[in-house]
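The values are calculated or read from the model by the stated rules, or taken from the named source; none is laboratory data. The shown structure was predicted, so the numbers you read here are calculated from the model rather than taken from an experiment. Cβ placement follows ideal geometry from the backbone for every residue including glycine, while neighbour counts extend to all protein chains displayed. Ligands, DNA and RNA are stripped out before the accessible areas are found, and what is left, the full protein with its side chains, is counted by its heavy atoms. Shrake-Rupley method; radii C 1.70, N 1.55, O 1.52, S 1.80 Å.
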Amino acid sequence: MTLLDQARQSSNVIDGSRINKNLELSADICVIGSGAGGAVAAHTLVTAGKDVLIVEEGGYFSHLDFSMNEAEVYPKLYQEGLQRATQDLGIAILQGRAVGGTTVVNWTTCFRTPEDVVDHWRTHHHVGGFKLADIIPHYEWIEDRLCMQKVPKEQMNPNNRKLFEGCKALGWQVDTIKRNVYACMNSGYCGMGCPYNAKRSMLVTLIPDAITSGARLLFRCRIDRLVENNNGIDHAEGTLLTTDGYHTRTETVRIKAKHFIVAGGAINSPALLLRSGINDHDRVGKRTFFHPSIVSVGLYDDPIEAYYGAPQSAASHHFSHRSENVGFFLEAAPLHPVLASTALPGFGFDHHENMKPFSHIAPHTALTIDGFHSDLPGGQVTLRPSGTPLINYPLTPALWESFRFAQKRLAQAQFASGAKSVMTLHDPPLVMRSPNNIADIDEQPFETCRIGVFSAHQMGGCGMGDNHQTAVVRSEDLRHHRLSNLYVMDGSVFPTSLGVNPQQSIYGLVRLMASRLVERIT
Ligand SMILES: Cc1cc2nc3c(=O)[nH]c(=O)nc-3n(C[C@H](O)[C@H](O)[C@H](O)COP(=O)(O)OP(=O)(O)OC[C@H]3O[C@@H](n4cnc5c(N)ncnc54)[C@H](O)[C@@H]3O)c2cc1C
Ligand code: SF4
């Protein structure tokens, strides 16, 4: 029996969809959300002997549920059934919703936070509560626990190898990346939940560790609001959901706790604070960052089969620092039929033609590094009348300049690795037959909804910093500036984006801060 099976059968686990009465629960610490931040926080606290209750709105799945059928798993495992987007539909937002959070569907790329990013936070965002050196032991611990290993070059799939070779041919920095996997079968299905339990997500590592150490888990329960009392949070109120997770039920939950840790991820954590009327100095939901990403599709003579193999095994940070302009980094993206058919442009016959060479196309992406440029303030989370998050993200001239520049670099790299044509995701797309056509990118409309823009990395919205007028939580402990028992421990606390894939940054920072909380409440 796996650790996950043991945990799922534990009497510590409550399926909210099966409870037919209103629930009253209590705990020393209530952790809301069970993704990268919530799982690490809960694990750190419970293994230090604390009484922890984790609450998660998503379902509690196992590898048997991960059917590798896109139509079935996307609605189950993603926020808004993979339909989350900005209000103007300019950016499609991919974000997980399950026990284990987005780590259940992520592509397993691991990077520590770059030192210059932490320096920037200190000098520009009053982040004085820790040094990068304080996080290093926590990075080392998580690297060991999640089996993070650099991918050997020979294990790159053709999709990643084309990116790697293109960058190399042009003399650009590129390297293989670390992945958090054990006995990976290179199936390529990371984005649909790993069917082999090879991905060391929170679902199969720290959540079961936490449950077998005594943490309780209530899933299929959405926390609607936190209720204040005397400069702290008195209790949380939530709603139980149906088995499929789509609908609310009439049954409710009320949770009393000494400490509340919000870990619903960027977008949902600020939304919860806003629903609770917690918005001191009007900072909550502001400075939301996405690593907004564009894609270039290279068509090759040899098969690429971007649906097989480790989804990501190479990355180039050659263009991360562009002095006055917005930097970006380059990675490959996996491609499966449903995702491809929604991302590739055209209708009817045109769409059919774009889909035809499916097994020979390589999607490579440029992820822009938002939060550092004065013309790129990031997005804003507010609330719809229903209380669900409404997301706006202005696509500014600085970002369009970066997209245009990056689109040309991606095309260059794809031609350099042997692409016979390269296509943009404009509507209609630009198809380039040779490097001589790359200049045609300058004629293309870089405008909202005229080109596909995506985000798989959400950060910010509850930014940390030591100035209570500009930050939501303190940087020494991620505690709310005013409310004495409220913490935010997830990707929403970053004051900028990271310039690297976020999961390891969240694991490391949260483990440091949860360890500090253990000391404080001992
Ligand atoms: C397709 C995809 C691929 C990715 N690939 C990578 C990668 O290769 N490497 C990498 O570093 N990062 C990757 N990421 C991003 C990374 O996984 C996330 O940045 C990270 O998991 C975020 O952690 P978090 O704790 O902020 O939130 P999450 O992991 O999203 O967890 C938040 C959880 O809280 C729950 N929740 C929210 N609100 C409530 C509420 N009110 N009540 C109860 N529960 C609530 C949500 O359902 C969710 O399960 C990828 C993301 C996607 C979508
Ligand atoms: S590529 Fe590896 S980690 Fe990803 S789903 Fe397949 S077996 Fe799991």
Scan region 194-227 for residues that are of a type in the set (D, E, K, R) and in contact with a Gly (Cβ under 7 Å, 6 or more places away or on another chain) and jot them down. R220, R222, D224
Go through region 76-115 and count every residue that is more than 16 Å from the chain's Cα centre (by Cα) and without any contact (Cβ under 8 Å) to a residue 24 or more places away in the chain. 1
Please specify each residue of region 427-445 satisfying the condition of being of a type in the set (S, T, N, Q) and open to solvent by less than 60 Å² (accessible area, probe 1.4 Å). S434, N437, Q444
Are any of the residues in region 69-91 farther than 30 Å from Y246 by Cα, at pLDDT 95 or above and more than 16 Å from ligand 2 (Cβ to nearest atom)? no
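To keep it simple, each residue is scored yes or no on (1) over 17 Å from G101 (Cα atoms); (2) open to solvent by 30 Å² or more (accessible area, probe 1.4 Å); (3) out of contact with any strand residue (DSSP E or B) (no Cβ under 6 Å at 6 or more places or on another chain).
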site	(1), (2), (3)
M459	no, no, no
S475	yes, no, no
H480	yes, no, no
S484	yes, yes, no
P495	yes, no, yes
V500	yes, no, yes
I506	no, no, yes
V510	no, no, yes
M513	yes, no, yes
Just to verify a result, which residue in region 322-332, among those that are in contact with a helix residue (DSSP H, G or I) (Cβ under 8 Å, 6 or more places away or on another chain) and open to solvent by 10 Å² or more (accessible area, probe 1.4 Å), is nearest to P158 (Cα to Cα)? R322
For T108, the lone unmet condition from (1) among the β-branched types (V, I, T); (2) over 30 Å from A236 (Cα atoms); (3) touching a Gly at 6+ places or on another chain (Cβ under 8 Å); (4) buried (at least 23 other Cβ atoms within 10 Å of the Cβ) is (3)
Is region 446-454 home to any residue that is among the aromatic types (F, W, Y), without any contact (Cβ under 8 Å) to a residue 60 or more places away in the chain and either buried (at least 19 other Cβ atoms within 10 Å of the Cβ) or in a loop (DSSP other than H, G, I, E, B) (or both)? yes
Select from region 177-234 the residues that are more than 9 Å from ligand 1 (Cβ to nearest atom), within 25 Å of Y139 (Cα to Cα) and basic (K, R) and write down the one among them that is surrounded by the most Cβ atoms within 10 Å (Cβ to Cβ). K199
Looking at region 14-26 only, could you name the residues that are open to solvent by less than 30 Å² (accessible area, probe 1.4 Å) and in contact with a Phe, Trp or Tyr (Cβ under 8 Å, 6 or more places away or on another chain)? G16
Among residues of region 392-426, those that are over 19 Å from F329 (Cβ atoms), open to solvent by 20 Å² or more (accessible area, probe 1.4 Å) and either part of a helix (DSSP H, G or I) or free of Cβ contacts under 8 Å to residues at least 24 places away in the same chain (or both), counted: 3
On the given criteria, is V40 in contact (Cβ under 8 Å) with a residue 12 or more places away in the chain and touching a Gly at 6+ places or on another chain (Cβ under 7 Å)? no
Right, D224: over 17 Å from N485 (Cα atoms), modelled with pLDDT under 95 and either away from ligand 2 (no atom under 16 Å from the Cβ) or of a type in the set (G, A, S) (or both) or not? no
For region 130-163 the number of residues that are open to solvent by 20 Å² or more (accessible area, probe 1.4 Å) and on the phi < 0 side of the Ramachandran plot is 21
Do the conditions hold for C167, that is, is it away from ligand 1 (no atom under 15 Å from the Cβ), of a type in the set (A, V, I, L, M, F, W, C) and open to solvent by less than 10 Å² (accessible area, probe 1.4 Å)? yes
Report, by residue number, each residue of region 372-410 that is modelled with pLDDT under 95 and of a type in the set (D, E, K, R). D375
Residue by residue through region 119-129, note down the ones that are buried (at least 20 other Cβ atoms within 10 Å of the Cβ) and either free of Cβ contacts under 8 Å to residues at least 12 places away in the same chain or assigned to a helix (DSSP H, G or I) (or both). W121, H125
Residues (assigned to a strand (DSSP E or B) and touching a helix residue (DSSP H, G or I) at 6+ places or on another chain (Cβ under 7 Å)) located in region 160-195: T176
Looking only at region 357-391, count every residue that is out of contact with any Asp or Glu (no Cβ under 7 Å at 6 or more places or on another chain) and in a strand (DSSP E or B) and tell me the total. 14
Which listed residue, of P75, P114, is within 16 Å of ligand 1 (Cβ to nearest atom), closer than 24 Å to G379 by Cβ and open to solvent by 10 Å² or more (accessible area, probe 1.4 Å): P114
Taking the conditions exactly as written (surrounded by fewer than 24 Cβ atoms within 10 Å (Cβ to Cβ) and in the same structural domain as N279 (by TED's automatic domain parsing)), does D490 satisfy them or not? no
Identify all residues within region 239-251 that are touching a strand residue (DSSP E or B) at 6+ places or on another chain (Cβ under 7 Å), in contact (Cβ under 8 Å) with a residue 40 or more places away in the chain and surrounded by fewer than 24 Cβ atoms within 10 Å (Cβ to Cβ); write none if there are none. L241, T242, G245, R249, E251
